[in-house]
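Here's the structure, in structure tokens; my notes come after.
The values are calculated or read from the model by the stated rules, or taken from the named source; none is laboratory data. Small disclaimer: the values here were computed from a predicted structure and weren't measured. So basically every Cβ, Gly included, is an ideal-geometry build from the backbone, and we count neighbours across all protein chains shown.
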Ligand code: MG
């Protein structure tokens with residue numbers, strides 16, 4: 001079956017994949033990247049995303065984004081972009097659904113605290129952890145640890161990486177040292193991620209009451225589209241006007257990205273994925289859109305991610321993660337048996353990081369209570 005028939009020459013072709021660590025026969029009715037996507041969906045780490053924080057704690061409301069719904073939105077936006085540019089939708093979908101698999105509970109604060117706790121033990125990076133999940137931690141198959149994904153999907157998962165860690169990753173880490181680029185599908189997934197969170201965080205921010213419509217008028221990109229909606233549907237009530245505005249913003253960002261990238265691709269005319277890797281980034285926003293999304297990000301950072309109510313959650317969450325880590329490190333006997341490592345402090349610390357990173361928000365809260373509360377035994 002030819003899975004690559006409709007792809008541009010510079011796309012990632014399933015038939016030319018650099019393959020898997022453990023060689024497997026082809027999947028028959030599915031392309032290599034479809035198979036990767038399917039393995040990701042069936043993984044345990046994927047189901048955990050449902051109960052992991054994006055910005056708001058999982059139990060703060062039923063309608064806020066979680067890591068799971070965020071990942072699905074990234075996949076949706078990513079597939080649209082991929083199809084418009086003749087790129088491999090299946091690979092983009094696999095990368096998008098897997099991109100946050102290594103995320104700790106409680107969003108970014110969890111990763112920052114775990115990184116501090118692990119500073120004498122090799123540190124903690126959530127991108128690298130996502131790779132560790134699919135390469136080692138998932139226990140699903142008889143023949144190997146992890147999901148045995150293709151090189152291209154693993155490359156897309158590893159968005160950033162320190163040089164020290166890149167050196168240990170062989171072929172996969174090489175691009176961080178020679179500063180070459182990943183596939184266009186990986187570049188695209190990264191920007192689909194950005195389009196998704198910039199837009200859904202506005203929605204969640206307003207829904208939570210931490211942001212107000214009046215405040216949002218400061219953001220040019222939002223104000224402009226909001227004005228268009230008002231002109232088109234005068235008097236449209238609150239949420240519908242908001243959804244219309246966000247819809248127009250997503251459309252504007254995706255259209256800009258497709259147009260800018262198509263022009264760059266035309267000019268650079270890469271003939272293969274190898275040419276792509278040797279070129280500068282070819283999936284980009286126009287300078288104007290880049291400036292506007294940067295302004296939006298700055299606004300969200302100052303007014304939402306650092307809102308005092310979010311800060312309270314962050315401080316509390318960081319305490320939970322730090323105290324769990326310290327308790328396990330001091331007394332590894334508190335850990336479930338298969339996380340206990342005798343006589344190797346480095347490996348023990350890494351196992352603790354794996355255990356904590358794998359927790360959902362509510363599991364971490366419960367575990368903290370089980371260990372520290374004198375009212376719960
Ligand atoms: Mg993300």
| message | What pairs come out if I take residues in the range 172-198 that are away from the ligand (no atom under 14 Å from the Cβ) and pair them with residues that are at pLDDT below 95 and in a helix (DSSP H, G or I) whose C-beta lies under 6 Å away, six or more apart or interchain? | response | 173/166; 176/166; 177/166
| query | Are there any pairs, at least 6 apart or on different chains, whose C-beta atoms fall under 7 Å, with the first in the range 92-109 and within 26 Å of residue 60 (Cβ to Cβ) and touching a residue at least 12 places away in the same chain (Cβ under 8 Å) and the second near the ligand (Cβ under 10 Å from one of its atoms) and in a loop (DSSP other than H, G, I, E, B), and if so, which? | reply | 107/54
| Can you tell which of 108, 70 is surrounded by fewer than 22 Cβ atoms within 10 Å (Cβ to Cβ), over 21 Å from residue 146 (Cα atoms) and within 16 Å of the ligand (Cβ to nearest atom)? | 108
| task | Kindly list the number of the only condition in (1) part of a loop (DSSP other than H, G, I, E, B); (2) surrounded by fewer than 18 Cβ atoms within 10 Å (Cβ to Cβ); (3) over 17 Å from the mean Cα position of the chain (by Cα) that fails for residue 171. | result | (1)
| said: On the basis of being more than 16 Å from the ligand (Cβ to nearest atom), in contact (Cβ under 8 Å) with a residue 24 or more places away in the chain and either within 12 Å of residue 125 (Cβ to Cβ) or part of a helix (DSSP H, G or I) (or both), does residue 165 make the cut? | reply: yes
| request: Restrict the check to the range 85-103 and report whether at least one residue is modelled with pLDDT under 95, in a helix (DSSP H, G or I) and within 16 Å of the ligand (Cβ to nearest atom). | output: no
| said: Exactly one condition in (1) more than 16 Å from the ligand (Cβ to nearest atom); (2) crowded, with 20+ Cβ neighbours inside 10 Å; (3) under 30 Å from residue 307 (Cβ atoms) is false for residue 152; which is it? | reply: (3)
| remark: The condition of being under 16 Å from residue 116 (Cα atoms) and in a helix (DSSP H, G or I) holds, among 357, 295, only for 357
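Yes/no per residue for (1) assigned to a strand (DSSP E or B); (2) under 14 Å from the mean Cα position of the chain (by Cα); (3) within 16 Å of the ligand (Cβ to nearest atom); (4) under 30 Å from residue 239 (Cβ atoms):
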{"residue": "27", "(1), (2), (3), (4)": "no, no, no, no"}
{"residue": "30", "(1), (2), (3), (4)": "no, no, no, no"}
{"residue": "40", "(1), (2), (3), (4)": "no, yes, yes, no"}
{"residue": "50", "(1), (2), (3), (4)": "no, yes, yes, yes"}
{"residue": "63", "(1), (2), (3), (4)": "no, no, no, yes"}
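Kindly establish whether residue 270 is in a loop (DSSP other than H, G, I, E, B), more than 30 Å from residue 18 (Cα to Cα) and modelled with pLDDT of 95 or more. Walk me through how you get there before you give the answer.
Details: in a loop (DSSP other than H, G, I, E, B): yes; more than 30 Å from residue 18 (Cα to Cα): no; modelled with pLDDT of 95 or more: yes.
In short, no.
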| said: If residue 199 satisfies all but one of (1) part of a helix (DSSP H, G or I); (2) touching a helix residue (DSSP H, G or I) at 6+ places or on another chain (Cβ under 6 Å); (3) at pLDDT below 95, what's the number of the condition it fails? | reply: (3)
| query | Yes or no: residue 134 surrounded by 21 or more Cβ atoms within 10 Å (Cβ to Cβ) and within 16 Å of residue 40 (Cα to Cα)? | reply | yes
| task | Quick one: which residue in 226, 239 is in a helix (DSSP H, G or I), at pLDDT below 95 and either more than 23 Å from the chain's Cα centre (by Cα) or within 25 Å of residue 310 (Cα to Cα) (or both)? | result | 239
